[in-house]
Amino acid sequence: MSTQSASPTDYGLGGSTNWLLGGAIGGIVGSLLFGALLWVVDPEIVTDTIPGIYGFDTAGGLGWVFHLFHGLVLGVVFGALVSREPILGTITADTQFDVLEETGPAVRFVLAGFVYGLAVWALLPVIAATVVISIGGGGPAFPAIAAESLAGHVLYGTLLGALFAVFVDTDAAQEVEAPFEEASES
């Protein structure tokens, strides 16, 4: 019997598209929990506000479809970003901090997801949505900051990073040529 415990990334998927699946799974699960938080706080955000972005009136279940689709797309974007060499190299690089060295790649991907959730929150609901509402002639003063939106996006990003670390073999991601780069001819 081995005394070594397996890390979450030992079960990851290898290959050149592992980032796609890891981002998609993390994005959908993260958006489900984010949606559940919104549903508890104010269900009208999911049933009215999200469909309203696309010009639909109260659409009930359609809000969930849009919300899950947003999570899926943003999860795939996260996977594409963190699997590119400059960012992946930064996340997996050796550091001078013992605490960070001992954490391993899983915790670093969780932290990257946390930062990504903050960035998505700042760019989409705080800046982009506020600008679109302002152009439309109504809405709150810039910026429109809601605590439940911040908490939901941070929860989404953190869960996205954690699931990405579980489903993606980060060692294989470093060894496999990135899917968007052209193969060099020998």
Fill in the blank from the handout: Per the filter on the stretch 23-41, residues open to solvent by 60 Å² or more (accessible area, probe 1.4 Å) and touching a residue at least 40 places away in the same chain (Cβ under 8 Å) are Ile28, Leu33, Val41
Handout entry: Verdict on Ala93 being over 15 Å from the mean Cα position of the chain (by Cα) and either open to solvent by less than 60 Å² (accessible area, probe 1.4 Å) or hydroxyl-bearing (Ser, Thr, Tyr) (or both)
Key = yes
Problem - Residue under evaluation Val65, criteria (1) loosely packed, with under 14 Cβ neighbours inside 10 Å; (2) over 21 Å from the mean Cα position of the chain (by Cα), criterion not met - result: (2)
Completion exercise
Checked against (1) assigned to a helix (DSSP H, G or I); (2) without any contact (Cβ under 8 Å) to a residue 12 or more places away in the chain, Asp94 satisfies every condition except (1)
Exercise for the section: Select, from Leu160, Leu100, Leu150, Leu118, the only residue that is modelled with pLDDT of 90 or more, over 20 Å from Leu20 (Cβ atoms) and either crowded, with 16+ Cβ neighbours inside 10 Å or touching a Lys or Arg at 6+ places or on another chain (Cβ under 9 Å) (or both). Expected result: Leu150
Practice task
Assess whether Phe56 counts as being at pLDDT below 90 and within 19 Å of Gly71 (Cβ to Cβ).
Solution key: yes
Handout entry: Any pair with Cβ under 7 angstrom, 6 or more apart, that starts in the stretch 65-79 at a residue that is over 10 Å from Ile28 (Cβ atoms) and ends at one that is among the charged types (D, E, K, R) and open to solvent by 40 Å² or more (accessible area, probe 1.4 Å)
Key = none
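The values are calculated or read from the model by the stated rules, or taken from the named source; none is laboratory data. This is a predicted model, so every value here is computed, not measured. With ideal geometry, Cβ positions are generated from the backbone for all residues, glycine too; neighbour counts draw on all protein chains shown. SASA here: full protein model, heavy atoms, side chains in, ligands and nucleic acids out. Shrake-Rupley method; radii C 1.70, N 1.55, O 1.52, S 1.80 Å.
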